[in-house]
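**Student:** My questions all concern the structure below.
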Amino acid sequence: MTSTVFFGDNLNILRRLPDESVDLIYIDPPFNTGKVQARKRLKTTRDVEGDRVGFGENNYRTELISEQAYGDSFSNYQAFLMPRMQEAHRLLKAHGSLYFHIDYREVHYCKIMLDQIFGRENFLNEIIWAYDYGGRAKNKWPAKHDNILYYAKDHQNYVFNRDAIDREPYMAPGLVGKEKAARGKLPTDTWWHTIVGTNSREKTGYPTQKPVAILERILRASSNPGDLVLDFFAGSGSTGQACLNLGRRFILIDNNPQALETMRKRFDGFPGIAWELEADR
């Protein structure tokens, strides 16, 4: 079962892929925050002469292991996205679905654009990924969620594997009976899940890395084993990792050398992955 990681401009690569060849698309494009997204990886060691005071008033020495960053600012964000989303629509099979991951700054504009491309009738959900982690604004309500827009190519014919989705516990299990309580409930369109924390085992050090569990829920719901999943803003490769965990094939595309290096390390030892540079074609 072969999967491919492409390094290069995603629009050029998307245009080379055949019509209706992909079962599911998940993308997490730059959010157009106007900032440089950066992530540092630090190693902390207990040291009486260390530069930080931590747990138990002990001193710790910190060492910078790596630092990764990318620019997240576009003069015309919609003009950047539009041709890529038109290609995404072309590439999806008739039963395929799109999950478009964005945040509060651009979600409303992106919804209008995607309605134009996919058809308003094919919009299925706005999923809210809620988390409670990181810094908090002091002059407005702290933003602690992302938005995921969920579209089918055809709202009358799409994959949704209800029974394959991980279930959640009932808030009041005593009210639903033992069998229902043991089985749990289907998640709603609000997903509570922490971000990839500083000390998380899955942390790669890549900025804006998304949790594999979020991707696995999407894959279970909207694809089947052996299906082909496309992510053309691949970043740290969380989509690919979820595909490897669940027996899906993938096409990942990114033009950031740090993303490529992160994915090489992450997928090291996994067979059946082809690596292709745009310049090789």
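The values are calculated or read from the model by the stated rules, or taken from the named source; none is laboratory data. A quick note: this is a predicted structure, and the numbers were derived from the prediction, not measured. Backbone-built Cβ (ideal geometry, glycine too); neighbour counts: all protein chains shown.
**Student:** Can you list residue pairs whose Cβ atoms sit under 6 Å apart, with the first residue in region 161-177 being in the same structural domain as LEU24 (by TED's automatic domain parsing) and the second being surrounded by 11 or more Cβ atoms within 10 Å (Cβ to Cβ) and of a type in the set (Phe, Trp, Tyr)? Count only pairs 6 or more apart in sequence or on different chains.
**Tutor:** VAL176/TYR170
**Student:** Moving on. Given the conditions (1) farther than 12 Å from TYR26 by Cα; (2) in contact with a Gly (Cβ under 9 Å, 6 or more places away or on another chain), and given that SER222 satisfies all but one, which numbered condition is not satisfied?
**Tutor:** In the conditions (1) farther than 12 Å from TYR26 by Cα; (2) in contact with a Gly (Cβ under 9 Å, 6 or more places away or on another chain), SER222 misses (1) alone.
Residue-wise test of (1) modelled with pLDDT of 95 or more; (2) in the same structural domain as ARG217 (by TED's automatic domain parsing); (3) among the hydroxyl-bearing types (Ser, Thr, Tyr); (4) buried (at least 16 other Cβ atoms within 10 Å of the Cβ).
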| site | (1), (2), (3), (4) |
| --- | --- |
| GLU67 | no, no, no, no |
| GLN78 | no, yes, no, no |
| LEU91 | yes, yes, no, yes |
| HIS108 | yes, yes, no, no |
| ASP115 | yes, yes, no, no |
| PHE118 | yes, yes, no, yes |
| GLU121 | yes, yes, no, no |
| LEU124 | yes, yes, no, yes |
| TYR133 | no, yes, yes, no |
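**Student:** Of all the residues that make up region 171-191, how many are hydrophobic (A, V, I, L, M, F, W, C) and in a loop (DSSP other than H, G, I, E, B)?
**Tutor:** Of the residues in region 171-191, 4 are hydrophobic (A, V, I, L, M, F, W, C) and in a loop (DSSP other than H, G, I, E, B).
**Student:** On to the next question. For region 215-253, which positions are of a type outside the set (A, V, I, L, M, F, W, C), part of a strand (DSSP E or B) and under 17 Å from ILE148 (Cα atoms)?
**Tutor:** If the condition is that a residue be of a type outside the set (A, V, I, L, M, F, W, C), part of a strand (DSSP E or B) and under 17 Å from ILE148 (Cα atoms), then ASP231 is the only one that fits.
**Student:** Taking the condition free of Cβ contacts under 8 Å to residues at least 12 places away in the same chain, more than 27 Å from HIS108 (Cβ to Cβ) and in a loop (DSSP other than H, G, I, E, B), does ASN157 pass? Let's see the steps before the verdict.
**Tutor:** On the way: free of Cβ contacts under 8 Å to residues at least 12 places away in the same chain: no; more than 27 Å from HIS108 (Cβ to Cβ): yes; in a loop (DSSP other than H, G, I, E, B): yes.
No.
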